[in-house]
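The values are calculated or read from the model by the stated rules, or taken from the named source; none is laboratory data. Nothing here was measured: the structure is a model prediction, and the numbers come from that model. Note: ideal-geometry Cβ built from the backbone for every residue, glycine included; neighbour counts use all protein chains shown.
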Amino acid sequence: MSLTLTVLGSAGSHPQAGRVCSGYLVTADGTSVLLDAGNGSTANLLRFVDWSELDGVAVSHRHVDHCIDLVGAFYAMRFAAPRSERLPLHAPAEVAETLRGLLSSDSAHRFDDVFAAREVAAGDRSSFGPVEIEYFASEHPPPSVSMRVSVDDRVLAYSGDSAGGPGLVECASGADLLLCEASWAGDPSGLPTGVHLTARGAAEVATAAGVDRLLLTHVAGGTDRDLALREAREHFAGPVELAEDLAVHRLA
């Protein structure tokens with residue numbers, strides 16, 4: 001069975017010209033799962049699936065460039081496109097409570113009327129039809145997870161926001177494709193530690209994990225994308241690409 005990844009948004013931290021924030025659609029055998037829902041990403045989601053067709057959402061952490069579009073999704077599913085059942089939302093601590101807080105003061109309707117939220121942490125698993133997700137600890141300030149997405153023997157690893165480390169290497173071990181953040185490129189001196197990866201760091205994770213392909217995403221607005229691509233290719237021997245909004249990648 002094939003696994004398809006559609007990039008809905010690839011910008012790091014804030015939208016950029018022609019590029020929105022983190023969001024990725026995973027599909028397999030009629031099942032559709034949204035990984036993250038950053039600023040603007042769900043407008044692109046609706047090019048491919050309607051809210052009624054979505055089987056679940058998995059969010060890596062509470063930063064708004066990874067989850068804020070679920071506020072708009074709440075209103076869409078509450079008023080414009082009601083579902084017969086609540087939409088499963090699997091996310092680490094602080095995600096659901098953050099979204100509930102954003103809605104509590106201006107809506108007579110509750111977040112939990114629309115979403116069936118479940119808190120996940122490293123070691124937990126989710127199943128959406130044939131799509132299996134295993135969660136790994138991510139080195140990033142709020143409670144965060146990286147995700148290993150499996151369909152039969154096809155594996156997509158998604159870093160979420162991560163500064164790397166053994167948890168991400170374990171998550172990506174032997175994956176067909178590593179979708180990895182590369183917020184920065186060039187000299188890392190002066191950059192904060194324990195927050196994000198450089199393109200070189202993403203490549204080193206890909207090498208240590210023995211993945212087949214590397215797809216760089218979450219490139220920050222001030223980062224030279226060409227430099228990031230060159231840097232990653234210097235430190236990973238396999239194919240490397242930059243994620244582009246609306247691009248489709250098939251893991252056959």
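Could you tell me which residue of the range 128-138 is surrounded by the fewest Cβ atoms within 10 Å (Cβ to Cβ), considering only residues that are within 16 Å of LEU168 (Cα to Cα) and among the hydrophobic types (A, V, I, L, M, F, W, C)? The extreme case among them is ALA137. With the requirement that a residue be outside any strand (DSSP E or B), within 19 Å of ASP36 (Cα to Cα) and not acidic (Asp, Glu), what does the range 131-166 give you? Once the filter is applied, which keeps residues that are outside any strand (DSSP E or B), within 19 Å of ASP36 (Cα to Cα) and not acidic (Asp, Glu), the range 131-166 yields SER138, HIS140, PRO141, PRO142, PRO143, SER144, SER159, GLY160, SER162, ALA163, GLY164. Residue pairs whose Cβ atoms lie under 6 Å apart, separated by 6 or more positions or on different chains, with the first residue in the range 148-162 and closer than 18 Å to ALA208 by Cβ and the second among the β-branched types (Val, Ile, Thr), are LEU156/VAL149.
Taking the range 39-127 and the helices (runs of 4 or more DSSP H) fully enclosed by it, the elements with 2 or more residues that are in contact with a Ser or Thr (Cβ under 9 Å, 6 or more places away or on another chain), of a type outside the set (Asp, Glu) and surrounded by 14 or more Cβ atoms within 10 Å (Cβ to Cβ) are at 41-45, 64-67, 69-75.
Tell me whether the range 134-145 contains one or more residues that are modelled with pLDDT of 95 or more and more than 27 Å from GLY210 (Cα to Cα). Yes, that holds for at least one residue.
Out of ALA252, ALA237, one residue alone is in contact (Cβ under 8 Å) with a residue 24 or more places away in the chain, among the hydrophobic types (A, V, I, L, M, F, W, C) and closer than 23 Å to LEU8 by Cα. It is ALA252.
Of the residues making up the range 61-81, none is under 20 Å from PRO143 (Cβ atoms), hydroxyl-bearing (Ser, Thr, Tyr) and out of contact with any Asp or Glu (no Cβ under 6 Å at 6 or more places or on another chain). From the list ALA96, ALA17, the one residue that fits, being under 19 Å from ILE133 (Cα atoms), free of Cβ contacts under 8 Å to residues at least 24 places away in the same chain and not hydroxyl-bearing (Ser, Thr, Tyr), is ALA96.
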